[in-house]
1. For the range 111-125, how many residues meet the condition of being more than 16 Å from the ligand (Cβ to nearest atom), within 17 Å of residue 177 (Cβ to Cβ) and either part of a helix (DSSP H, G or I) or in contact with a strand residue (DSSP E or B) (Cβ under 9 Å, 6 or more places away or on another chain) (or both)?
2. Could you please let me know if residue 300 is buried (at least 19 other Cβ atoms within 10 Å of the Cβ) and touching a helix residue (DSSP H, G or I) at 6+ places or on another chain (Cβ under 8 Å)?
3. Against the definition (without any contact (Cβ under 8 Å) to a residue 24 or more places away in the chain and either within 30 Å of residue 104 (Cβ to Cβ) or in a loop (DSSP other than H, G, I, E, B) (or both)), how does residue 34 come out, yes or no?
4. I'm checking my understanding of the structure. Among residues of the range 137-178 that are assigned to a strand (DSSP E or B) and touching a residue at least 60 places away in the same chain (Cβ under 8 Å), which one is nearest to the chain's Cα centre (by Cα)?
5. Report whether or not residue 108 is within 16 Å of the ligand (Cβ to nearest atom), buried (at least 19 other Cβ atoms within 10 Å of the Cβ) and either at pLDDT 95 or above or part of a helix (DSSP H, G or I) (or both).
6. Could you give every pair whose Cβ atoms fall below 6 Å, whose first residue belongs to the range 1-16 and is touching a residue at least 60 places away in the same chain (Cβ under 8 Å) and surrounded by 12 or more Cβ atoms within 10 Å (Cβ to Cβ), and whose second residue is among the basic types (Lys, Arg) and assigned to a helix (DSSP H, G or I), counting only separations of at least 6 or pairs across chains?
7. One residue is enough: does the range 50-58 have a residue meeting the conditions among the basic types (Lys, Arg) and more than 19 Å from residue 341 (Cα to Cα)?
8. Filtering the range 258-284 down to residues that are closer than 18 Å to residue 319 by Cα and free of Cβ contacts under 8 Å to residues at least 24 places away in the same chain, which residue is farthest from the ligand (Cβ to nearest atom)?
Amino acid sequence: MTFDELRLSQAEYAKALADKLARKMSHSLAAAKGADFIPYTVREGKWVPAGPVGRSSISWWTNGFWPGEMWEMYRLTKDEAYKEEAERAEKMLDEALYNIDALHHDVGFMWLISSGVNFRMTDNDQSRKRALLAANILAGRFNPLGFIRAWNGNRTGWAIIDTMMNLNLLYWASDFTGDPRFRKIAMIHADTAMKYFEREDCSCNHIVIFDPETMAFVNNPAGQGYASGSSWSRGQSWALYGFTLSWIHTGKKEYLDTARRVAKYFVSQIQDDWIPRIDFCQPADVDLKDSCAGAIAACGLIELARQVGGEEAEFFFNAGVNMLKAMDENASDWSDGYPAILTKCSSAYHNGDHHIAMVYADFFFIEAVRKLLGDEFLFW
Ligand code: GLY
């Protein structure tokens with residue numbers, strides 16, 4: 001089947017999900033209206049920001065996802081209320097854009113799907129400037145030995161797989177300005193990720209620490225996964241979707257092949273319930289899940305199906321849809337009184353919140369539905 005035939009085979013389901021989203025998200029938006037913070041998760045039935053209430057930081061890496069989610073809903077419904085909320089949240093992020101001390105590689109997550117999408121959809125000049133400034137900040141984190149530095153403090157040689165998604169801000173900046181520097185930096189980083197992050201079994205490290213003076217490999221700590229050398233499922237999904245997008249933006253075939261391998265590995269690790277465990281190497285008697293990894297992977301798998309043909313496309317597409325259905329039926333709250341959608345998200349294996357709502361999981365869930373509906377506008 002072609003991608004369009006695959007997509008049309010799920011048209012009725014996609015339409016039903018879009019209707020459910022429109023109803024649910026109108027309540028979700030009402031619950032956030034006028035808040036002086038950007039939603040991250042839900043406590044006692046209410047949106048709350050990341051971190052202890054009252055101490056959250058506007059620089060928190062997930063803060064682009066709420067405006068991004070509003071743009072996703074705007075594309076689905078054309079309801080101006082989502083656009084207004086997206087623009088309100090985007091303005092709140094300005095405080096973070098000028099606080100360089102607190103910024104990190106996740107400026108891609110923060111400004112590509114907020115300001116970048118706003119500019120591309122509405123020609124908003126202020127949004128263009130925000131996205132370009134963010135791209136320059138990300139490019140400024142490049143170590144010319146071959147990687148983008150993820151975090152601050154003394155972690156000068158730390159690179160993480162999540163950065164694969166932030167590279168899309170750099171691809172956009174080169175496409176928009178005609179200056180290849182941003183794309184070159186992104187591709188050097190993606191090449192490093194292929195070399196040092198992907199492992200023999202096609203799983204990926206979360207973190208690789210390099211000597212920042214020589215780029216000698218130092219270590220690969222557990223990060224948000226179970227242990228060093230284990231397989232944090234959200235990291236795998238960042239790689240799956242991230243390499244797919246790098247292929248789309250550059251046409252470099254090795255990125256597509258890497259995405260294919262990681263995707264096959266990811267699907268091979270899914271159990272009968274189609275909801276990823278937090279870590280594919282966690283102990284067998286631990287039943288901790290992360291729907292967020294599932295939502296990101298579903299986006300990557302559906303997009304990958306569009307890129308490849310034949311049986312492979314069918315395999316990726318069906319796996320993505322199976323994951324969406326599992327989340328829809330068994331790991332979500334569609335009631336009016338609870339503002340988020342997905343409920344079985346986990347921020348990390350150790351010392352993290354488990355089986356909670358997370359704004360970025362909902363963002364990717366909606367994005368996957370939009371792909372099923374045939375909207376090809378790529379936020380990334
Ligand atoms: N980028 C951090 C996370 O996925 O939790």
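1. 5
2. yes
3. For residue 34, the condition - without any contact (Cβ under 8 Å) to a residue 24 or more places away in the chain and either within 30 Å of residue 104 (Cβ to Cβ) or in a loop (DSSP other than H, G, I, E, B) (or both) - is met.
4. If we take residues in the range 137-178 being assigned to a strand (DSSP E or B) and touching a residue at least 60 places away in the same chain (Cβ under 8 Å), then 160 is nearest to the chain's Cα centre (by Cα).
5. yes
6. Between residues of the range 1-16 that are touching a residue at least 60 places away in the same chain (Cβ under 8 Å) and surrounded by 12 or more Cβ atoms within 10 Å (Cβ to Cβ) and residues that are among the basic types (Lys, Arg) and assigned to a helix (DSSP H, G or I), the close pairs are 3/306.
7. Yes, some residue in the range 50-58 is among the basic types (Lys, Arg) and more than 19 Å from residue 341 (Cα to Cα).
8. The qualifying residue farthest from the ligand (Cβ to nearest atom) is 272.
The values are calculated or read from the model by the stated rules, or taken from the named source; none is laboratory data. Bear in mind that the values here come from a model prediction, so they are computed numbers and not experimental data. Neighbour counts run over all protein chains shown; Cβ positions are idealised from the backbone, glycine included.
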